[in-house]
1. Condition check: within 20 Å of B:Val83 (Cβ to Cβ), within 14 Å of another protein chain (Cβ to nearest Cβ) and β-branched (Val, Ile, Thr). Does B:Ile137 satisfy that?
2. State yes or no: is B:Ile24 under 22 Å from B:Asp207 (Cβ atoms) and modelled with pLDDT under 95?
3. Does A:Arg18 satisfy the condition of being within 11 Å of chain B (Cβ to nearest Cβ), free of Cβ contacts under 8 Å to residues at least 12 places away in the same chain and not in a helix (DSSP H, G or I)?
4. Would you pick out the residues in region B:101-121 that are more than 11 Å from chain A (Cβ to nearest Cβ) and buried (at least 24 other Cβ atoms within 10 Å of the Cβ)?
5. Which of the residues that make up region A:194-232 are touching a residue at least 24 places away in the same chain (Cβ under 8 Å), under 23 Å from A:Leu51 (Cβ atoms) and of a type in the set (Ser, Thr, Tyr)?
6. So A:Gly185 passes all but one of these: (1) away from every other protein chain (no Cβ under 11 Å); (2) under 23 Å from C:Tyr33 (Cα atoms). Which condition number does it fail?
7. Applying the selection to region A:127-139, what residues are without any contact (Cβ under 8 Å) to a residue 24 or more places away in the chain and either crowded, with 20+ Cβ neighbours inside 10 Å or of a type in the set (Lys, Arg) (or both)?
8. Identify the single condition in (1) of a type outside the set (Lys, Arg); (2) within 11 Å of another protein chain (Cβ to nearest Cβ); (3) touching a helix residue (DSSP H, G or I) at 6+ places or on another chain (Cβ under 8 Å) that A:Ser81 does not satisfy, given that it satisfies every other one.
Amino acid sequence: MMTGIWTIAKMSLLENSRKQVFHVLCLLMLAIIAGSTLLSIFTEGVQIKILKDLCMTCILFGGAAMAIALGSSGIPNDVESRTIHPLIARPLTRAQYVMGKFIGTFITVSIGVAAMTVAFSALIFMFQHSFDTYVGLAVLFTLLEVAIITAIATTVSTFATPAVTTVLTFLAYVGGTIKIGYVGGLIERSSGGLTKALYSMIYHALPNLECFNLKTSLVHHDAVPAAYLGQVALYGVCYIAFVLVLGMSFFARKEV
Amino acid sequence: MAHPIETENLSKVYALGRRKGTRIALDGLSIEVPEGVVFGFLGPNGAGKTTTIKMLLDFVHPTSGSATMFGKPTTEASTRRAVGYLPEQPYFHKFLKPMEVVSMHATLAGVERRMVREKALNALERTGIAEYADTPIGKLSKGLTQRVGIAQAIVGDPKLLILDEPTSGLDPIGRRHIRDLILELRKEGKTVFLSSHLLSEVESTCDTVAVLKRGTLVAYGTPDEVRGGDQRLSIQVQELDKQTRDSLRFIDVTVEERAGGVTVVASPDNIYEVMRTLEKSDARIVRVQTERESLEEAFLRLAA
Amino acid sequence: MRIVRTLAASLALIALAGPCHADGAEELGHHWYVPTYRMEMQTQIAIMAGFALAVLAASWLAKVIRTRRSRG
């Protein structure tokens, strides 16, 4: 079973790493990270905090953008170009195919995130003359957040066009980021039973992405309780698994 | 023993929308493909050949009926372990090389890791493209890409090969090469399910043929059985005057203008009457030979 | 050119999300001290687990019905 998944993942990785959008996003984010060294108008203490904040934001936005761009086109392109036919004519289930595409896309995005993290760490070393251990944890949970976005993009792409997938995944990303503050507030302010029920449904369906944001921990060097980190990691894995299972069941019935 | 392919009342109806109604792509197809034969699957465009293949490989789901391969339902992925498939127009990622494509398919087909490279190279050699093993597919011609498709289909040593237009895009030498390969695969005991428009090739390779027309099976059997019709005799004469042509109208014959003169085609029952008429007109007989309906003529008769 | 346009539009849209989440972070402070975040994670895990159990139960029931029908 793993052989089939890994073969599809490798092919997806080879395909995604050649896409122009991946190279452009990587270079753009690296350029912004490198450009953050021009914040010399601030005092050193403030400068390092702004640098960490800006670079972590770049890593998250860059990772999310790559996940959306690559995840939304993988499966629909294979179906449209019919490159999928020789693959699923093999003893490969639709579920293995979807899983392989997700893993391949996530690995590609991880490579981009790793490149940005290396640049970020080099900058911190340049300023602080030491590596910051909080970076590892912050980037790890950012990667988990990006994995959720990749899973959503992969799942939606099993039944929607690349354009619709891009929009829906982007809305899920934004919604998941602001849900506790904004959508939660909408539920409290709404009066009608049906409207409240609808907002509640949306609220509980959207991923809780803000939990994965450890930027303030990195910037202010505030430790995060281990129990909380464990719960967030478990939540992330469960959400990814749930979304992918939905995608696999959608794709199992799709005619190609 | 379970047949390599067995369908029972296999049907596919596509819904075209509320106003347009439905389209019957396949209507109650029931066939059994014996093991170790080359089975020709024929039909005009839109007859349902590709739809049948898609249902066998679980690309689309039947509206009703069932299909099995080696006794197992086609809906199970494990059923396809013994199957190699060549699509009508194989598409592969342009940046991949033939060696990479065929190796990947060898892995997916369950070939042991240490044997993958050897099997892939062997498949490329059998299809005559070993020298292009490391050339990106985007740089290969249509014919060479077709051969890559055949190589990935045979690499896992499958018991059943489903080939959709295997000689499409190939030059005459390439077509001959693939025809010889198909006959070789049959000698190895494999079953080849062949969908093709090149009836001359089907005639020379297939043991059994099935002809589809508008989703319905209209003929099934050996090429001889499908051709049907009795043996005919053709008499080629240099020329035929109007009076003789008029006389021949009263006999059940066909008069055709062919290269080299006029040919009178008659059944053995009325050959003597035809010969007496021709003798009276002093027509110069060039050649007399027996003829049978070709598969192409049978195809046109059944499916046009 | 199309890729550059798509990219620019995507980045503009993503950047719009910045102020939204920045506002939330300022108001709420560290989210790991805010009970709402933990409670919502637990609720969602419970919903997903419940959904999975319901699907498993439905499949098991369908299998039992099918087996009984084929025997009877």
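1. Working: within 20 Å of B:Val83 (Cβ to Cβ): no; within 14 Å of another protein chain (Cβ to nearest Cβ): yes; β-branched (Val, Ile, Thr): yes.
When the stated conditions are applied, B:Ile137 does not pass them.
2. Working: under 22 Å from B:Asp207 (Cβ atoms): no; modelled with pLDDT under 95: yes.
When the stated conditions are applied, B:Ile24 does not pass them.
3. Values: within 11 Å of chain B (Cβ to nearest Cβ): yes; free of Cβ contacts under 8 Å to residues at least 12 places away in the same chain: yes; not in a helix (DSSP H, G or I): yes.
Yes; evaluated as a whole, the condition is true for this residue.
4. Of everything in region B:101-121, just one residue is more than 11 Å from chain A (Cβ to nearest Cβ) and buried (at least 24 other Cβ atoms within 10 Å of the Cβ), namely B:Ala120.
5. A:Ser217
6. In the conditions (1) away from every other protein chain (no Cβ under 11 Å); (2) under 23 Å from C:Tyr33 (Cα atoms), A:Gly185 misses (1) alone.
7. So the first thing to find is which residues in region A:127-139 are without any contact (Cβ under 8 Å) to a residue 24 or more places away in the chain, and the list is A:129-131, A:133, A:136.
Once the filter is applied, which keeps residues that are without any contact (Cβ under 8 Å) to a residue 24 or more places away in the chain and either crowded, with 20+ Cβ neighbours inside 10 Å or of a type in the set (Lys, Arg) (or both), region A:127-139 yields nothing.
8. Of (1) of a type outside the set (Lys, Arg); (2) within 11 Å of another protein chain (Cβ to nearest Cβ); (3) touching a helix residue (DSSP H, G or I) at 6+ places or on another chain (Cβ under 8 Å), only one is false for A:Ser81: (3).
The values are calculated or read from the model by the stated rules, or taken from the named source; none is laboratory data. None of the values given here were measured: they were computed from a predicted structure. Backbone-built Cβ (ideal geometry, glycine too); neighbour counts: all protein chains shown.
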